[in-house]
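Data block below; observations after.
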Amino acid sequence: MNELPRRSAQTVPDLVQLPPAFHAFHELHYPAYLSYVELQLGDPIEARGVVEDVFVYLAVNWQALMRTEVPAAEAWAVVRTVVVSHLEERGRQPAMPETAVFRRVATDVLRQTRGQFEVMESVIGLYPAIARLPERLFDVVVLRFVLGYPTGQVAAIMGLEEGTVRSHIHHARGKLSRELGCDDPGGRRTP
């Protein structure tokens, strides 16, 4: 009997013959899914395994996924469900606030060494507040501002219209500004 392929050595598209549309979907969405899951789990190796599990599920259910109204939205729901289930099975909370603070501080420290503590203080309260946002608002804010995807790409990843993403951003900003007790720059537009 042949040995099963190791998950870390091969990805779903390498293991079975799938339609070109799956390969394109995998190539388009894998990086964003991996970044999002890694932010939630705080462990890149664990995140890779979870994302591979998501793509195995999507591959097995590819035909059904393609019959849905918005396949990207259905696939995003699978990502969310698998992450929540993974965390619940291990009795863990999402690592996003800590992971995001570390990423932000590390990035800012590399850019400028002065003001390290001010940067850390300003984001320590923000990321836990983001984590308390409702699911859709949370996802949009994380993809757009924490991971840095442009609005159009966030829409494509989540299977939403760009206007819906902008609306979610507007509502999230309002909730965050109220929770953090700061002024909401209500007129700000998101590209």
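The table below lists the values:
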quantity: Boolean, GLU38 is in a helix (DSSP H, G or I) and open to solvent by 40 Å² or more (accessible area, probe 1.4 Å); calculated: yes
quantity: Residue satisfying all of: in the range 80-91; open to solvent by 30 Å² or more (accessible area, probe 1.4 Å) and touching a residue at least 24 places away in the same chain (Cβ under 8 Å); nearest to VAL50 (Cα to Cα) among these; calculated: VAL82
quantity: Candidate set from the range 131-189 (those that are touching a Pro at 6+ places or on another chain (Cβ under 7 Å) and open to solvent by 30 Å² or more (accessible area, probe 1.4 Å)); member that is modelled with the lowest pLDDT; calculated: ALA131
quantity: Positions within the range 131-149 being under 20 Å from PRO71 (Cα atoms) and of a type outside the set (A, V, I, L, M), in sequence order; calculated: GLU135, ARG136, ASP139, TYR149
quantity: Filter result for the condition that a residue is free of Cβ contacts under 8 Å to residues at least 60 places away in the same chain, buried (at least 18 other Cβ atoms within 10 Å of the Cβ) and part of a helix (DSSP H, G or I), over ALA47, ALA77, ALA64; calculated: ALA47
quantity: Scan of the range 34-92 for residues that are within 27 Å of THR164 (Cα to Cα), charged (D, E, K, R) and within 16 Å of the chain's Cα centre (by Cα), ordered by number; calculated: GLU38, GLU74, ARG80
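Residue-by-condition table, conditions (1) at pLDDT below 90; (2) among the charged types (D, E, K, R); (3) under 19 Å from LEU147 (Cβ atoms):
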residue: ASP53; (1), (2), (3): no, yes, no
residue: LEU58; (1), (2), (3): no, no, no
residue: GLN63; (1), (2), (3): no, no, no
residue: ARG67; (1), (2), (3): no, yes, no
residue: ALA73; (1), (2), (3): no, no, yes
residue: GLU88; (1), (2), (3): yes, yes, no
residue: PHE102; (1), (2), (3): yes, no, yes
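The values are calculated or read from the model by the stated rules, or taken from the named source; none is laboratory data. Keep in mind that what you see is a predicted model, and the values were worked out from it rather than measured. Quick reminder, even Gly has a Cβ in these numbers, built from the backbone with ideal geometry, and neighbours come from all protein chains shown. Note: accessible area is taken over every heavy atom of the protein model, side chains too, but ligands, DNA and RNA are not part of it. Shrake-Rupley method; radii C 1.70, N 1.55, O 1.52, S 1.80 Å.
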